[in-house]
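Here the structure comes first, spelled out in structure tokens, and everything after it is commentary.
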Amino acid sequence: MTPVLELRGVTKSFGGLRVLDHVDLTVAEGEIVSLIGPNGAGKTTVFNVITGVYRPDEGDILLDGRSIVGLPPHQITRLGVARTFQTLRLFLNMTVKENVMAAAYGHTKAGLWRSILRTPGQRREEREIERLAEEKLAFFGQRLVGYRFDQPAYSLSYANRRRLEIARAMAAKPRILLLDEPAAGMNPVETQEITQLIGKLRQEAGYTILVIEHDMHVVEGISDRVVALDHGVKIAEGSFEEVATDPRVIEAYLGVQAEAARK
Amino acid sequence: MAEGERQRTIPRIGVDEWVATVEERVERGLAGRAREAWGRVPAGVKLASLVVVPALVPLLTQDDYLLQVAIDTVVFMLLAVGLNVAVGFAGLLDLGYVAFFGFGAYTYAMFASDHTGLHFQAPLVLLIVAVTGTALGFLVGLPSWRLVGDYLAIVTLFFLQIFSTILVNGDRLQLPFLEKEIAKLDGGLTRGPNGISNLDPMNWLGWKLTSLTQYFYLALIAFALALVALHSLNNSRIGRAWRALREEPLAAELMGMPVNWLKLLAFATGSVIAALTGTIFAAEQGAVFPSSVDVTVLITLYAMVILGGAGDLAGVAIGAIVISVALEALRTPSNASWVFYIALALTLPALVRPWRWQLVALLVGATVGFGFAVRAIVEAAWPAGTGGRPLGEASIDDWVSSWVLLQRNATPEVPTALGKTAFVALIVAVLGLTVLKGRRRLVALVPTLYLAACVWENVLVPQSAVTRYIILGALLVGMMAARPQGLLGKTRVEIV
């Protein structure tokens, strides 16, 4: 079976610095894969080359067996890749609901004239977009619904902003979700919640998920497979236990994380 | 269900429902209540009132001057809502905007005047303007693919500069393939600084628009159409995408929005509105001049958008009305005095925080007392400083002439030493006000207000047609200090 996402020998350099060095990576349908590695290992760069922010210098990226290298980011999103950002990038001065509705742009059609004339088709589409947004926001229980719909995104707490980013990515109707450190900056309770949520995303919504995470409890809790990067090179791949006990991974984390991983 | 159980077992720590109780900060005072009431009015009613209320103007007056002011105001409203598309909706700093106004006006002059001998009907010219204006809008929007913020601003400003240079020097301009035709024209392609006059009145399939009232309603209909179109657009997926790219262009692109295309669309939409407005304006004036395409017009339009609240359609239109009418009122010295003193009086409540009427009354009293005291002292030390007669013509100038300092033998043409000194002192005082806070600011306000009145009576009032932009600028500074988001705009947060 063709994997949903496949990276073949992807290399990316910034000047003399090789950030990704022949990285191979596959994510199969319905799989949750975690990408780990110390700071500066090239994890976010992997997301950036997949989503088209950077073009890889070498190698190929396949979505459902089709190369997406060189496509502009918005087209890659339309083909079924949506992501969240490590440094939150919400539309802060738009309402919570609008943030999610905006992401439906790629799979909706009403153009300039139909929007100006408010044709019946356009109005139907608008209602569908609104329903979609409410449905995606309801995924997070009571946190982002009701009075929250019409609040500006900047009024949300940090944890709720992370949730809103996930809801927004969901509204783009992706096949594969790329989550960049979804638990960063969350307290232990929220971290536990996000762990359950990622599982729920696959079970109920059927997404394939590639996630970057530093919190090893989260990685352990969610991953089917773990891929470890260091200095742009893939150093280990396998189940959480396999990767966590891999000597090269322990070395990469300079022992501190390795202590935690052994427990 | 497990879901409900989990909800109950989660501790309340980290749950932030308190935000709901805080909500947005409630505004106080009369202005706050007025804005709150305005916020409750449905959008449709707001926009309708912006068309219906102006529509009554020709019913109330048939005075040519007032009608002309009304037409100019509607033209400004059209231009302001058009500028708001790129600037307010999409957040693109477009300084070339006014060129499109000139483009529409000159295109009408080319196709419907004795200058070229072409006498096309209005619908055809409007169609030509719409098509070429869109194309030009796309072209000028292209730099926005790679440039943002001030970089984009400077590039588009050059476009405006190039366009107005072409208009001024168009009498010597040659176009490929049209050399012979242009050589035949009297005064070259654009007739240079003289402009082109004797344009046809608009000809709608044989029905010629000749009266000011007709042009007023034509402009108003155009405004109504633009308003409805932009309101629908703002609430559609395209409007949302514009806001998204204004907020966070990278995230917008990665959420499936074609950011580059949306930028061009914003530029072109605004450009078409400006170009069509230019066409209507040219036909109404019967002449076009390069001076209507300059940076002053651009700044005035930006003032309207910013004063009204960038991004808020109704606000921007109201901003256009306020500034257009204020600029017109400031043209004649007697009106200007009233505008000046009313604005001065309004400064007080805007600067008094928290709002207390006792404090305002105290300040007014202090300012009046301060004035009489200073006058008494100056009169004793330097009698020439108070012996002058008022230069202004309004009754209010007579009233204040026994309160402010007026140098003897002052003439409208040459500012007196007193006037010049007061002017410099006023600038220093205003700058001082911006760094002072709290009680010190209130105390410093008293001499500043008095100085402002002295400067007005000694220097500005006889030349109000020239100095009106100074007054407008001062008004804007005061207003924006009190309310940075504009009259009806929403507070925007940059970084949280």
Residue match in the stretch A:213-229 (condition: under 21 Å from A:Val100 (Cα atoms) and surrounded by 18 or more Cβ atoms within 10 Å (Cβ to Cβ)): no
Please return the ranges of strands (runs of 3 or more DSSP E) entirely within the stretch A:6-100 where 2 or more residues are away from chain B (no Cβ under 14 Å) and either of a type in the set (Val, Ile, Thr) or in contact (Cβ under 8 Å) with a residue 24 or more places away in the chain (or both). A:17-27, A:32-36, A:58-63
Give the residue that is surrounded by the fewest Cβ atoms within 10 Å (Cβ to Cβ), with candidates limited to residues of the stretch A:181-212 that are in contact with a Ser or Thr (Cβ under 8 Å, 6 or more places away or on another chain) and either over 21 Å from A:Val243 (Cβ atoms) or not aliphatic (A, V, I, L, M) (or both). A:Arg202
Do you know which residues across the stretch B:162-191 are of a type in the set (Val, Ile, Thr) and assigned to a helix (DSSP H, G or I)? B:Ile162, B:Thr165, B:Ile166, B:Val168, B:Ile182
Checking B:Ile470 against (1) touching a residue at least 60 places away in the same chain (Cβ under 8 Å); (2) assigned to a helix (DSSP H, G or I); (3) surrounded by fewer than 21 Cβ atoms within 10 Å (Cβ to Cβ), which single condition isn't satisfied? (1)
Across (1) out of contact with any Ser or Thr (no Cβ under 9 Å at 6 or more places or on another chain); (2) touching a residue at least 40 places away in the same chain (Cβ under 8 Å), B:Ser271 clears everything bar (1)
Considering only residues that are touching a residue at least 60 places away in the same chain (Cβ under 8 Å), surrounded by 12 or more Cβ atoms within 10 Å (Cβ to Cβ) and under 14 Å from B:Arg441 (Cβ atoms), look in the stretch B:352-366 and name the one that is nearest to the chain's Cα centre (by Cα). B:Val352
Starting from residues that are hydroxyl-bearing (Ser, Thr, Tyr) and not in a helix (DSSP H, G or I), keep the ones in the stretch A:102-131 and report whichever is farthest from the other protein chains (Cβ to nearest Cβ). A:Thr119
Condition (residue is at pLDDT 85 or above and polar (S, T, N, Q)) applied to the stretch B:351-360: is it met by at least one residue? yes
Unique residue being closer than 26 Å to B:Pro42 by Cβ, more than 14 Å from chain A (Cβ to nearest Cβ) and buried (at least 21 other Cβ atoms within 10 Å of the Cβ) when the list is B:Ala274, B:Ala283, B:Ala317: B:Ala317
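Table: residues versus (1) more than 27 Å from A:Met94 (Cα to Cα); (2) touching a helix residue (DSSP H, G or I) at 6+ places or on another chain (Cβ under 8 Å); (3) more than 9 Å from every other protein chain (Cβ to nearest Cβ).
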site	(1), (2), (3)
A:Leu144	no, yes, yes
A:Arg148	no, yes, no
A:Thr208	yes, yes, yes
A:Asp215	yes, yes, yes
Kindly indicate whether A:Thr245 is over 25 Å from A:Asn48 (Cα atoms), hydroxyl-bearing (Ser, Thr, Tyr) and more than 14 Å from chain B (Cβ to nearest Cβ). yes
Check B:Ala384 against each of (1) more than 33 Å from the chain's Cα centre (by Cα); (2) surrounded by 14 or more Cβ atoms within 10 Å (Cβ to Cβ); (3) part of a loop (DSSP other than H, G, I, E, B) and name the one condition it does not meet. (3)
Failed condition for B:Thr190, given (1) modelled with pLDDT of 90 or more; (2) more than 25 Å from the chain's Cα centre (by Cα); (3) of a type in the set (Ser, Thr, Tyr): (1)
Step by step: first the residues of the stretch B:121-134, then only those that are free of Cβ contacts under 8 Å to residues at least 24 places away in the same chain and touching a helix residue (DSSP H, G or I) at 6+ places or on another chain (Cβ under 8 Å), then the one that is nearest to B:Ala274 (Cα to Cα). Which residue is that? B:Ile128
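The values are calculated or read from the model by the stated rules, or taken from the named source; none is laboratory data. Predicted model, so just to flag it, every value in this text is computed and none were measured. Glycine also receives a Cβ, built like all others from the backbone with ideal geometry; neighbour counts cover every protein chain displayed.
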